[in-house]
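**Student:** Before we start, here is the structure in question, set down as structure tokens.
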Amino acid sequence: MKTHKTHEEKVLNSYLPMTETAFYILLSLTEPRHGYGIIKYVEEITSERIQLGSGTVYGTLTKMQRDGVITVLSCEDKKTIYEITEIGKKLLSAEINRIRELYENARAHEVKLYD
Amino acid sequence: MIKKFRPLWNLDVDNMEKWLSRMATRGYHLEKINFITRVFVFAEGTPREATYRFVYDGTPEGPLSRSLVNHGWRQACQHKKWYLLFNPAPENKIRVFPARDDVLRHTRVIMYVLGAITLLYAFTSFVPLLLISLAMGNLLSLLHPTNVIIYALIIYLWIKLIGSQRRMFAQQGDLNRKIATGAPPPGKPIIKWKLGWQYSPDKLEQWLENMELQGYHLYRISGLGLRFWFSRGIPRRVKYCVDFQLSPSPGYFHIHRETGWKLLFTSRGFDRWSIWSKEYPEGEKPPRLYSDGAHLLKHARRIAVTHTLLFAPLLVLFAINLNLNLHGLPDRGTDGLFLFNTILFCLVLASFGSIIIRIWLYYRRQKVSAGK
């Protein structure tokens, strides 16, 4: 249990704050998707602002798999699919809280810009 | 209860899984594996279908993800990073399987270890014995029973490992590594030679892109990556990407293909180089394999560090040899062998040194371009 906690802490410390690329890739894996599915989904939810390169996605997924943030599965049609793990969910949740704080502080101070 | 001894089970994982399934259909259900003694213990019961998968997983959570549990997978046993997962359904009825990525990576590590042992044996035992046998004109000593057993064991282990690696790769997409081929275009091909492009891959990309802009369409690269075949056509815009990966998983080939990249070359040795291309219309931004500078730079650093680690020890070794040759034997004079060795060592040092310099210059170019 102690090892588990240490690993989780290590992951949170090394990933937070997340890059926009890593955040959107992990966000898209809240349901299992294959590589191309991740790219299309991120394009869709960011209105094509973020167009991820397949090398970037593959590199991020490989690192996340090695750190236990995501897990890799193989489908009957031989496609590789990726899924978030429990540690991955904790990481995503911590990053969402950080972004929420960022957003709320930004909103609170935004009005002062126009005073 | 029956026990079966399988000492080399981890060299032939996929065949072991099939064997466990066959045992289940004959009524022998795996009870436990003694990973130390390599004994598989079975309990007798009703014959039934079952599918097994070995997984190598170092994460604290283990390999049983939510999707795997939802598709009927359970843990049969575990030892350190090795897990054996079990599904009570026949293989053709299962839709989701654990991926082979980590087992493939583990098998590759075993292959490197076996490669080192093979080389060590070849240089310390086989080659000296061969030279002595040739000098004595009697090659029969090479066929001493102990030697024959060692040759057979090494060959057997290589066949097992390579076979297992290929089959497992094929389970996750047998077309993954296939290079884009087709009928050769009509007309006389233009063949160009390129040596050492691995040490400045960005220059190869630029050269290929310029060739396409001049109407030279690349359609084939030789197996060693030395010869490039072009056909004449209309000028076109093609983005090339020379990519380096230490141990690409099946997903690597899949993801690039799905996003429209065409694989023109992939090496099979220690250097895992792949050359990808993608045509794009005029007026559009060229497609990118790496969409952010940080990943591009990381990729360049991986190339630079890996090749430095590969060539720096050789550089040091030849520098020591050169030093010994120049100062180690002061009374020997300057005979032919001394001159030959000095020139040879200088040439080798210059070539290894230039490789390391070229590769770090490439890294610097990428750093400058990422900073822009």
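**Student:** Among the residues of the stretch B:93-110, is there at least one that is part of a strand (DSSP E or B), away from chain A (no Cβ under 14 Å) and within 26 Å of the chain's Cα centre (by Cα)?
**Tutor:** no
**Student:** Something else about it: Does at least one position in the stretch B:58-79 carry a residue that is outside any helix (DSSP H, G or I), touching a Cys at 6+ places or on another chain (Cβ under 8 Å), surrounded by 13 or more Cβ atoms within 10 Å (Cβ to Cβ) and touching a residue at least 40 places away in the same chain (Cβ under 8 Å)?
**Tutor:** No, the conditions are met nowhere in the stretch B:58-79.
**Student:** For the stretch A:13-115, which helices (runs of 4 or more DSSP H) that fit wholly inside it have 3 or more residues that are charged (D, E, K, R) and either without any contact (Cβ under 8 Å) to a residue 60 or more places away in the chain or farther than 28 Å from B:TRP276 by Cβ (or both)?
**Tutor:** Helices (runs of 4 or more DSSP H) meeting the threshold: A:35-45, A:86-113.
**Student:** A further question follows. Scan the stretch A:1-44 residue by residue and report those that are loosely packed, with under 13 Cβ neighbours inside 10 Å, among the hydrophobic types (A, V, I, L, M, F, W, C) and under 16 Å from the mean Cα position of the chain (by Cα).
**Tutor:** A:LEU16
**Student:** While we're on this one: Only one of these conditions is not met by B:PRO287: (1) under 19 Å from B:TYR199 (Cα atoms); (2) surrounded by 18 or more Cβ atoms within 10 Å (Cβ to Cβ). Which number is it?
**Tutor:** (1)
**Student:** Among (1) away from every other protein chain (no Cβ under 14 Å); (2) modelled with pLDDT under 90; (3) more than 24 Å from the chain's Cα centre (by Cα), there is one condition B:ILE357 misses while meeting the rest; what is its number?
**Tutor:** Status for B:ILE357: all satisfied but (2).
**Student:** From the list B:GLU17, B:GLU61, which one is at pLDDT below 90 and within 14 Å of chain A (Cβ to nearest Cβ)?
**Tutor:** Within the list B:GLU17, B:GLU61, the selection yields B:GLU61.
**Student:** Identify all residues within the stretch A:70-115 that are farther than 15 Å from B:ASP101 by Cα and of a type in the set (Val, Ile, Thr); write none if there are none.
**Tutor:** Across the stretch A:70-115, the qualifying residues are A:ILE84, A:THR85, A:ILE87, A:ILE96, A:ILE99, A:VAL111.
**Student:** Report, ordered by the first and then the second residue, all pairs with beta carbons closer than 8 Å, sequence separation of six or more or different chains, a first member in the stretch B:91-117 that is crowded, with 17+ Cβ neighbours inside 10 Å, and a second member that is of a type in the set (Lys, Arg).
**Tutor:** B:PHE97/B:ARG53; B:PRO98/B:ARG53
**Student:** Residue check: is B:ASN87 within 14 Å of another protein chain (Cβ to nearest Cβ) and in contact (Cβ under 8 Å) with a residue 12 or more places away in the chain?
**Tutor:** Yes: the conditions hold for B:ASN87.
**Student:** Do you know which residues across the stretch A:16-48 are within 12 Å of chain B (Cβ to nearest Cβ) and more than 24 Å from B:ASP243 (Cβ to Cβ)?
**Tutor:** Residues satisfying the conditions are A:THR30, A:GLU31, A:PRO32.
**Student:** Among B:LEU310, B:LEU314, B:LEU264, B:LEU296, which is the only one that is out of contact with any strand residue (DSSP E or B) (no Cβ under 8 Å at 6 or more places or on another chain), among the aliphatic types (A, V, I, L, M) and either part of a strand (DSSP E or B) or at the interface with chain A (Cβ under 10 Å from one of its Cβ atoms) (or both)?
**Tutor:** B:LEU296
**Student:** OK, next. What number of residues within the stretch A:66-81 are closer than 11 Å to A:LEU29 by Cα and more than 8 Å from chain B (Cβ to nearest Cβ)?
**Tutor:** Residues in the stretch A:66-81 being closer than 11 Å to A:LEU29 by Cα and more than 8 Å from chain B (Cβ to nearest Cβ): 2 in total.
Conditions (1) surrounded by fewer than 20 Cβ atoms within 10 Å (Cβ to Cβ); (2) out of contact with any strand residue (DSSP E or B) (no Cβ under 7 Å at 6 or more places or on another chain); (3) within 11 Å of another protein chain (Cβ to nearest Cβ), marked per residue:
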| position | (1), (2), (3) |
| --- | --- |
| B:ILE234 | yes, yes, no |
| B:LEU246 | yes, yes, yes |
| B:SER249 | no, yes, yes |
| B:TYR252 | no, yes, yes |
| B:HIS256 | no, no, yes |
| B:GLY260 | yes, no, yes |
| B:ARG268 | yes, yes, no |
| B:ARG272 | yes, no, no |
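**Student:** Tell me whether the stretch A:26-36 contains one or more residues that are under 20 Å from B:GLY62 (Cα atoms) and among the hydroxyl-bearing types (Ser, Thr, Tyr).
**Tutor:** yes
**Student:** Can you confirm whether B:TYR290 is within 9 Å of another protein chain (Cβ to nearest Cβ) and modelled with pLDDT of 90 or more?
**Tutor:** yes
The values are calculated or read from the model by the stated rules, or taken from the named source; none is laboratory data. Since this is a predicted model, take the numbers as computed values, not measurements. Ideal geometry is used to build each Cβ from the backbone, glycine not excepted, and the neighbour counts take in all protein chains shown.
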